[in-house]
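The values are calculated or read from the model by the stated rules, or taken from the named source; none is laboratory data. Given the structure is predicted, the values throughout are model-derived calculations rather than measurements. Ideal geometry is used to build each Cβ from the backbone, glycine not excepted, and the neighbour counts take in all protein chains shown.
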Amino acid sequence: MAEVNREKVITLITEVQKARKQLESYVSLPAEIVLGSPEKLNSVKYLFVIGIEACIDICQHISAKLFQEVPESCSSCFDVLNKKGVISQSLCERMAHLAQFRNVLVHLYWKVDDRRVLDHLTQIETLDEFTKVIANYLDLSR
């Protein structure tokens with residue numbers, strides 16, 4: 001069994017944390033302010049892509065290295081971690097939803113409902129939860 005590249009996972013967790021922290025700065029802003037500013041709105045979208053993509057990269061790396069599984073899709077990657085007892089069913093479902101949201105942002109960006117993007121700001125805690133569970137599972141504190 002191959003080993004997880006701890007440095008890679010730590011770097012990706014750091015990227016998630018940085019994106020999440022910046023997303024937090026938009027939570028308290030009135031929706032009209034963000035929706036009225038293409039720069040702010042595009043920043044929110046980009047930060048979601050970065051944070052979610054880093055979580056997907058972590059998931060795919062662990063799935064391949066620890067479990068020798070290659071998920072069929074970005075969202076199904078979280079099913080592997082759930083099936084192996086790494087993350088809970090609830091976290092799996094929330095992360096799969098965020099992965100699907102990321103796909104919309106990346107591949108169907110012209111169809112994105114901007115209010116829906118702002119609604120996802122309520123889910124940024126899920127990114128924190130995922131990185132904490134992964135850090136604990138891999139014992140990255142040592």
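Residues that are surrounded by fewer than 18 Cβ atoms within 10 Å (Cβ to Cβ) and in contact (Cβ under 8 Å) with a residue 24 or more places away in the chain: find the helices (runs of 4 or more DSSP H) completely inside the stretch 36-142 holding 1 or more of those. Before you say what the answer is, go through the steps one by one.
Working: elements: 38-67, 77-83, 89-107, 114-119, 124-137.
Helices (runs of 4 or more DSSP H) meeting the threshold: 38-67, 89-107, 114-119, 124-137.
For ILE33, which of the numbered conditions (1) under 13 Å from the mean Cα position of the chain (by Cα); (2) assigned to a helix (DSSP H, G or I); (3) of a type outside the set (Lys, Arg) fails to hold?
(1)
Can we say VAL70 is in contact with a Leu (Cβ under 8 Å, 6 or more places away or on another chain) and among the aliphatic types (A, V, I, L, M)? Explain how you work it out, then say what you get.
Details: in contact with a Leu (Cβ under 8 Å, 6 or more places away or on another chain): no; among the aliphatic types (A, V, I, L, M): yes.
Criteria not met by VAL70.
So which residues in the stretch 49-90 are more than 11 Å from the chain's Cα centre (by Cα), hydrophobic (A, V, I, L, M, F, W, C) and over 18 Å from GLU7 (Cβ atoms)?
Looking only at the stretch 49-90, we keep the residues that are more than 11 Å from the chain's Cα centre (by Cα), and these are 60-73, 76-77, 79-90.
Right, trim to hydrophobic (A, V, I, L, M, F, W, C) and you get 62, 64, 66-67, 70, 77, 80-81, 86-87.
If the condition is that a residue be more than 11 Å from the chain's Cα centre (by Cα), hydrophobic (A, V, I, L, M, F, W, C) and over 18 Å from GLU7 (Cβ atoms), then PHE67, VAL70, CYS77, VAL80, LEU81, VAL86, ILE87 are the ones that fit.
So which residues in the stretch 1-50 are more than 23 Å from LEU81 (Cα to Cα) and among the polar types (S, T, N, Q), if there are any at all? I'd like the intermediate steps shown before the answer.
Step one: of the stretch 1-50, the residues more than 23 Å from LEU81 (Cα to Cα) are 18, 21-47.
GLN22, SER25, SER28, SER37, ASN42, SER43 - these are the residues of the stretch 1-50 that are more than 23 Å from LEU81 (Cα to Cα) and among the polar types (S, T, N, Q).
Looking at (1) under 14 Å from the mean Cα position of the chain (by Cα); (2) more than 25 Å from VAL4 (Cα to Cα); (3) at pLDDT 95 or above, which is the only condition VAL104 fails?
Unmet for VAL104, out of (1) under 14 Å from the mean Cα position of the chain (by Cα); (2) more than 25 Å from VAL4 (Cα to Cα); (3) at pLDDT 95 or above: (3).
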